[in-house]
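What follows is a short report on a single structure.
The numbers here are math on the coordinates, done by the rules we state, and not lab data. Since we're looking at a predicted model, the values are computed, not measured. Here the Cβ positions follow ideal geometry from the backbone for every residue, glycine too, while neighbour counts run over all protein chains shown.
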């Protein structure tokens, strides 16, 4: 039997895929509240700020989900955003609060993915390869 957390993870995973990978803004509206609260310093307020940002990015934008965790109404997604037109992909931890199956609030921590030369640990930040080796 599915838990509330399992349902919330599935909703957030589908929401991210719909908006960032499929770029289906009309379908994505059903996942994000019209009163969505955006805490990210990189994104303008509300659902419109997020959607406008995604619309402004290249069609090659891609989000990959490496890990998704939930506790109650909070969901954390660890992933990579690539194809956004910046020199390096972004590794992000996105934190989303859900309410009745809708995304209502968002926080994030984002950093550029390090190359092999930049990685002091000698390990990739995401997956088994460095971005220049893909």
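Assorted remarks:
- Take every pair of alpha-carbon atoms less than 8 Å apart whose residues are at least six positions apart; their mean separation over the length of the chain yields a relative contact order of 21 percent.
- Net length available on complete extension from residue 109 to residue 86 is 6.6 nm, with 0.36 nm assigned per residue and the Cα-Cα distance removed.
- Note on the chain: along the principal axes its Cα atoms extend 45, 36, 24 Å, ordered by decreasing extent.
- Estimated FRET transfer efficiency when R0 is 30 angstrom, pair residue 71-residue 134 (beta carbons, to 0.05): 0.40
- By the helix-only formula, in which each DSSP H run with n ≥ 4 contributes -39500 (n - 2.57) and the sum is divided by residues, the chain has a 222 nm mean residue ellipticity of -6000 deg cm²/dmol.
- 0 to 90° range, to nearest 10: angle between helix 46-56 axis and the chain longest Cα axis: 40 degrees
- C-alpha long axis of helix 4-16 to longest principal axis of the chain, angle in °: 60 degrees
- Which of 133, 64 has the fewest Cβ neighbours within 10 Å, and the rest in rising order: 133, 64
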